[in-house]
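Note sheet for the following structure.
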Amino acid sequence: MTYPKAAKSKGGGQEKKVIHPYSRKAAQLTKEAHKQEKKEKLKNEKAFRLSVVGEKLLWFQSHLDPNKLEYTKKEACELVEKYLHRFSNELEQIDLLNSIKGRQARQHSSRETVINQTMERERQLYDGYGLDIPDIVNCKHLKTFRDWDGDLKKLPNIKMRKLSSRDAVTTRTEKACVAAEKEPCTAKDVQ
(Lines give C-alpha, C1' and ligand atoms only; values in the text may rest on other atoms or scores of the structure.)
Protein backbone atom coordinates (compact mmCIF):
# COMPACT_ATOMS: atom_id res chain seq x y z
CA MET A 1 0.00 0.00 0.00
CA THR A 2 1.31 3.40 -0.94
CA TYR A 3 0.52 6.51 0.95
CA PRO A 4 -0.04 9.84 -0.78
CA LYS A 5 2.53 12.60 -0.35
CA ALA A 6 1.76 15.33 2.13
CA ALA A 7 0.36 18.40 0.44
CA LYS A 8 2.64 21.41 0.49
CA SER A 9 1.18 24.43 2.18
CA LYS A 10 0.52 27.32 -0.17
CA GLY A 11 1.22 30.89 0.83
CA GLY A 12 4.00 32.54 2.79
CA GLY A 13 4.13 29.90 5.50
CA GLN A 14 7.51 28.55 4.41
CA GLU A 15 10.44 29.12 6.70
CA LYS A 16 13.46 30.94 5.31
CA LYS A 17 16.50 28.79 4.99
CA VAL A 18 19.53 29.83 6.92
CA ILE A 19 22.30 30.85 4.53
CA HIS A 20 25.82 29.72 5.30
CA PRO A 21 28.10 32.77 5.62
CA TYR A 22 30.68 31.43 3.14
CA SER A 23 28.21 30.25 0.51
CA ARG A 24 27.80 31.67 -2.98
CA LYS A 25 24.32 32.87 -2.04
CA ALA A 26 25.75 34.90 0.87
CA ALA A 27 28.35 36.43 -1.46
CA GLN A 28 25.60 37.39 -3.93
CA LEU A 29 23.53 39.02 -1.19
CA THR A 30 26.47 41.02 0.21
CA LYS A 31 27.45 42.10 -3.31
CA GLU A 32 23.90 43.32 -3.94
CA ALA A 33 23.82 45.14 -0.60
CA HIS A 34 27.13 46.93 -1.34
CA LYS A 35 25.85 47.85 -4.79
CA GLN A 36 22.70 49.42 -3.30
CA GLU A 37 24.73 51.32 -0.68
CA LYS A 38 27.07 52.68 -3.35
CA LYS A 39 24.12 53.74 -5.51
CA GLU A 40 22.50 55.55 -2.55
CA LYS A 41 25.76 57.28 -1.69
CA LEU A 42 26.25 58.52 -5.27
CA LYS A 43 22.64 59.71 -5.39
CA ASN A 44 23.05 61.68 -2.15
CA GLU A 45 26.36 63.21 -3.27
CA LYS A 46 24.86 64.31 -6.58
CA ALA A 47 21.83 65.81 -4.83
CA PHE A 48 24.16 67.72 -2.47
CA ARG A 49 26.27 69.07 -5.36
CA LEU A 50 23.13 70.14 -7.23
CA SER A 51 21.76 71.90 -4.17
CA VAL A 52 25.03 73.81 -3.70
CA VAL A 53 24.99 74.91 -7.35
CA GLY A 54 21.28 75.76 -7.03
CA GLU A 55 21.96 78.00 -4.02
CA LYS A 56 24.72 79.80 -5.93
CA LEU A 57 22.44 80.34 -8.93
CA LEU A 58 19.60 81.60 -6.74
CA TRP A 59 21.99 84.11 -5.15
CA PHE A 60 23.04 85.39 -8.57
CA GLN A 61 19.44 85.50 -9.76
CA SER A 62 18.36 87.56 -6.76
CA HIS A 63 21.22 90.04 -7.25
CA LEU A 64 20.71 90.71 -10.97
CA ASP A 65 19.75 94.19 -12.11
CA PRO A 66 16.25 93.81 -13.67
CA ASN A 67 16.86 96.74 -16.07
CA LYS A 68 19.97 95.24 -17.68
CA LEU A 69 19.60 93.22 -20.86
CA GLU A 70 23.22 92.12 -20.86
CA TYR A 71 26.28 92.32 -18.60
CA THR A 72 29.85 93.04 -19.59
CA LYS A 73 32.64 90.86 -18.24
CA LYS A 74 33.70 93.65 -15.91
CA GLU A 75 30.16 93.98 -14.49
CA ALA A 76 29.97 90.21 -14.12
CA CYS A 77 33.27 90.28 -12.21
CA GLU A 78 31.87 92.96 -9.88
CA LEU A 79 28.88 90.70 -9.23
CA VAL A 80 31.26 87.80 -8.48
CA GLU A 81 33.13 90.01 -6.00
CA LYS A 82 29.83 90.68 -4.22
CA TYR A 83 29.20 86.94 -4.23
CA LEU A 84 32.61 86.24 -2.68
CA HIS A 85 31.85 88.71 0.15
CA ARG A 86 28.34 87.40 0.84
CA PHE A 87 29.33 86.01 4.27
CA SER A 88 30.97 89.19 5.56
CA ASN A 89 27.91 90.24 7.62
CA GLU A 90 27.70 86.83 9.28
CA LEU A 91 31.43 86.88 10.09
CA GLU A 92 31.03 90.34 11.63
CA GLN A 93 28.19 89.03 13.81
CA ILE A 94 30.30 86.07 14.95
CA ASP A 95 33.23 88.40 15.74
CA LEU A 96 30.88 90.67 17.69
CA LEU A 97 29.57 87.73 19.74
CA ASN A 98 33.12 86.56 20.45
CA SER A 99 34.32 90.03 21.47
CA ILE A 100 31.89 90.20 24.40
CA LYS A 101 33.86 90.23 27.66
CA GLY A 102 33.62 87.25 29.95
CA ARG A 103 33.41 84.63 27.22
CA GLN A 104 35.87 81.80 27.62
CA ALA A 105 35.29 79.76 24.47
CA ARG A 106 34.67 80.99 20.97
CA GLN A 107 31.04 80.63 19.94
CA HIS A 108 30.13 79.45 16.45
CA SER A 109 33.74 78.55 15.72
CA SER A 110 32.76 75.62 13.49
CA ARG A 111 30.50 77.85 11.38
CA GLU A 112 33.25 80.46 11.18
CA THR A 113 35.73 77.80 10.03
CA VAL A 114 33.35 76.54 7.34
CA ILE A 115 32.72 80.07 6.07
CA ASN A 116 36.44 80.90 5.97
CA GLN A 117 37.26 77.67 4.12
CA THR A 118 34.47 78.29 1.60
CA MET A 119 35.57 81.87 1.00
CA GLU A 120 39.21 80.81 0.60
CA ARG A 121 38.36 77.99 -1.83
CA GLU A 122 36.11 80.23 -3.94
CA ARG A 123 38.72 83.01 -3.96
CA GLN A 124 41.38 80.56 -5.17
CA LEU A 125 39.06 79.37 -7.94
CA TYR A 126 38.25 82.94 -8.97
CA ASP A 127 41.90 84.04 -8.96
CA GLY A 128 43.04 80.87 -10.71
CA TYR A 129 41.19 78.86 -13.34
CA GLY A 130 37.85 80.58 -12.88
CA LEU A 131 34.62 80.38 -10.90
CA ASP A 132 31.52 78.88 -12.52
CA ILE A 133 28.71 81.41 -12.73
CA PRO A 134 25.59 81.58 -14.89
CA ASP A 135 26.34 83.05 -18.31
CA ILE A 136 25.00 86.58 -17.86
CA VAL A 137 27.26 88.05 -20.55
CA ASN A 138 25.15 86.52 -23.34
CA CYS A 139 21.65 88.05 -23.53
CA LYS A 140 19.89 84.80 -24.55
CA HIS A 141 21.41 82.87 -21.66
CA LEU A 142 20.62 85.75 -19.30
CA LYS A 143 16.95 85.60 -20.34
CA THR A 144 16.88 81.82 -19.76
CA PHE A 145 18.50 82.35 -16.36
CA ARG A 146 16.00 85.04 -15.36
CA ASP A 147 13.10 82.77 -16.35
CA TRP A 148 14.45 79.89 -14.23
CA ASP A 149 12.18 79.16 -11.28
CA GLY A 150 14.76 77.53 -8.99
CA ASP A 151 13.88 73.95 -9.95
CA LEU A 152 17.03 71.78 -9.76
CA LYS A 153 15.71 69.48 -12.49
CA LYS A 154 15.92 72.39 -14.94
CA LEU A 155 19.52 73.13 -13.95
CA PRO A 156 21.05 71.67 -17.16
CA ASN A 157 19.15 74.30 -19.20
CA ILE A 158 21.19 77.08 -17.60
CA LYS A 159 24.47 77.76 -19.36
CA MET A 160 27.45 78.33 -17.11
CA ARG A 161 30.60 80.33 -17.74
CA LYS A 162 33.97 80.30 -16.00
CA LEU A 163 34.93 83.78 -14.91
CA SER A 164 38.28 84.64 -13.35
CA SER A 165 39.73 87.79 -11.84
CA ARG A 166 41.80 88.27 -15.03
CA ASP A 167 38.54 88.82 -16.96
CA ALA A 168 37.90 92.04 -15.03
CA VAL A 169 40.83 93.67 -16.80
CA THR A 170 40.34 93.28 -20.55
CA THR A 171 42.36 95.07 -23.19
CA ARG A 172 40.94 96.96 -26.13
CA THR A 173 41.88 94.22 -28.59
CA GLU A 174 40.00 91.64 -26.55
CA LYS A 175 36.96 93.95 -26.43
CA ALA A 176 37.08 94.33 -30.21
CA CYS A 177 37.30 90.55 -30.69
CA VAL A 178 34.40 89.96 -28.28
CA ALA A 179 32.28 92.61 -30.00
CA ALA A 180 32.97 91.05 -33.43
CA GLU A 181 32.01 87.52 -32.43
CA LYS A 182 29.04 88.45 -30.23
CA GLU A 183 25.59 88.29 -31.76
CA PRO A 184 23.61 91.53 -31.71
CA CYS A 185 21.04 91.37 -28.93
CA THR A 186 17.71 92.78 -30.00
CA ALA A 187 14.69 93.68 -27.91
CA LYS A 188 12.64 90.79 -29.36
CA ASP A 189 15.17 88.25 -27.97
CA VAL A 190 14.67 89.54 -24.46
CA GLN A 191 10.87 89.62 -24.50
Notebook entry, point to check: Quick one: how many residues across segment 122-172 are in a loop (DSSP other than H, G, I, E, B) and open to solvent by less than 90 Å² (accessible area, probe 1.4 Å)?
Noted result: 13
Check: Which condition does Ala33 not pass, out of (1) open to solvent by 90 Å² or more (accessible area, probe 1.4 Å); (2) farther than 30 Å from Val114 by Cβ; (3) modelled with pLDDT of 90 or more, if it passes all the others?
Finding: (1)
Note to self: Of everything in segment 72-101, what is within 20 Å of Leu57 (Cβ to Cβ), of a type outside the set (Asp, Glu) and open to solvent by less than 70 Å² (accessible area, probe 1.4 Å)? Give them in sequence order.
What the structure shows: Lys73, Ala76, Cys77, Leu79, Val80, Tyr83, Leu84, Arg86, Phe87
Note to self: If a residue must be polar (S, T, N, Q) and over 16 Å from Ile133 (Cα atoms), how many such residues does segment 147-171 contain?
What the structure shows: 2
Next item on the list: Go through segment 75-105 and give me each residue that's charged (D, E, K, R), within 30 Å of Ile136 (Cα to Cα) and either more than 24 Å from the chain's Cα centre (by Cα) or part of a loop (DSSP other than H, G, I, E, B) (or both).
Entry: Arg86
Margin query: Return the residues of segment 106-121 that are open to solvent by less than 80 Å² (accessible area, probe 1.4 Å) and part of a helix (DSSP H, G or I); say none if nothing qualifies.
Written below: Ser109, Glu112, Thr113, Val114, Ile115, Asn116, Thr118, Met119
Check: If the Cβ limit is 9 Å and pairs must be 6+ apart or interchain, which residue in segment 18-32 that is touching a residue at least 40 places away in the same chain (Cβ under 8 Å) pairs with which residue that is surrounded by fewer than 10 Cβ atoms within 10 Å (Cβ to Cβ)?
Finding: none
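The values are calculated or read from the model by the stated rules, or taken from the named source; none is laboratory data. For clarity, every value in this text was computed on a predicted model and none was experimentally measured. Counting neighbours? That spans all protein chains shown, and the Cβs are built from the backbone with ideal geometry, glycine included. Ligands, DNA and RNA are stripped out before the accessible areas are found, and what is left, the full protein with its side chains, is counted by its heavy atoms. Shrake-Rupley method; radii C 1.70, N 1.55, O 1.52, S 1.80 Å.
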